[in-house]
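I have placed the structure first, in the form of structure tokens, so that the comments after it can refer back to it.
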Amino acid sequence: MAWPEKPKREELEINGFIEAYKCLTDGRHLEIVEKSEKPDYVVQDKQSGKKYGVELTSVYLNDRSVPDEHIKKIEGVVAIPHNEVKLEKYKDRLVLAVIEKVCKARKGYNSIHPLILAIYANEYIGIHLDKTAFEELEGKNKTVFDDITPFTEIVFWSFGSIDAHLVRRS
């Protein structure tokens, strides 16, 4: 399988984020206003007209996941076993991604609109992450999630799942 170039990946991710966001209890129906940098997109709530900056990030189990797991040709259906050790390692990478993005955003993201960090758990093992797993991740890393400024929200959604989890701070 050919891995999509960055513009196509970002298009898939922003559309995935918008769909996942609709699943949240108080989810807004968003539409893309423009592609930008720092943050990646500006979106608008269709109902209120309010705009938000969205920074996308895709998190993998490790730096070799794409070439070693995602691109290789797979014959037939392959089971993705629940491996608690790998899953915990992956959750640590999700938290690290939050820390890294918050630090980068503090150094100069355009915050004219409220910022949302959209984290796509884009790893095969991510199918084992549901809303409860994301809630537990947030609870175990309270100090990280208590200070996400300049982001006002973080949205997690996983590969192959309709579950999404929202962390909201004012």
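No lab work stands behind these numbers, since they all come straight from the coordinates. Since this is a predicted model, take the numbers as computed values, not measurements. Using ideal geometry, Cβ is built from the backbone for each residue, glycine included, and neighbour counts are taken over all protein chains shown.
Tabulated values for the structure
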item: Flagged links, alpha-carbon separation over 32 Å, of 8/142; 46/86; 22/91; 22/104; 51/89; result: 8/142; 46/86; 51/89
item: Reciprocal mean inverse distance between Cα atoms of segment 94-136 - Kirkwood radius, Å; result: 12.2
item: Segment residue 33-residue 19, extension gain: residue separation times 0.36 nm, minus the distance between their alpha carbons; result: 3.5 nm
item: Total formal charge among the other residues, if their Cβ is under 13 angstrom from that of residue 7, Lys/Arg +1 and Asp/Glu -1; result: -2
item: Segment 81-130: trypsin sites (Lys or Arg not before Pro) in DSSP coil with no more than 14 other Cβ atoms inside 10 Å; result: 107
